[in-house]
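Before any comments, here is the structure.
We did not get these values from a lab; they are worked out from the coordinates using the rules stated. Not measured: the values here are computed from a predicted model. Note that we place each Cβ from the backbone using ideal geometry, even for glycine, and neighbour counts take in every protein chain shown.
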Amino acid sequence: MVESTHPKLEAANASLKPTTVPELLSKEQVANLLGVTVRTVNNLMAKRKIPFVRLTGRIVKIPADALCDSLRRQLHHSKAQLTQ
């Protein structure tokens, strides 16, 4: 942010929000968060139950925000099944 004493520039700077890059998690980190094994994470990825990004043939990352959204959708889906 640029420091300024001009009121219009100060207002413009105050409205700027820093750009954030979504955190990318490893399969090991996701396994620890969910309390499961890395093999289970691999199975969930294969079934497209959790989102992932393949950076290379061997490097896979899971966006934290997309993982949370995916888990929320599955939770709501599970609740709907229980009420039927």
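Summing +1 for each Lys or Arg and -1 for each Asp or Glu among the other residues whose beta-carbon sits under 12 angstrom from that of VAL60 gives +3.
Couplings 3J(HN,Hα) for the stretch 34-49, derived from phi with the Karplus relation 6.51 cos²θ - 1.76 cosθ + 1.60 (θ = phi - 60°), are 8, x, 10, 8, 5, 4, 5, 4, 4, 5, 5, 5, 5, 8, 6, 7 Hz, where x marks Gly and Pro. Using the Cβ of GLN29 as centre and a radius below 11 Å, the other residues enclosed give a net charge of 0, where K and R count +1 and D and E count -1.
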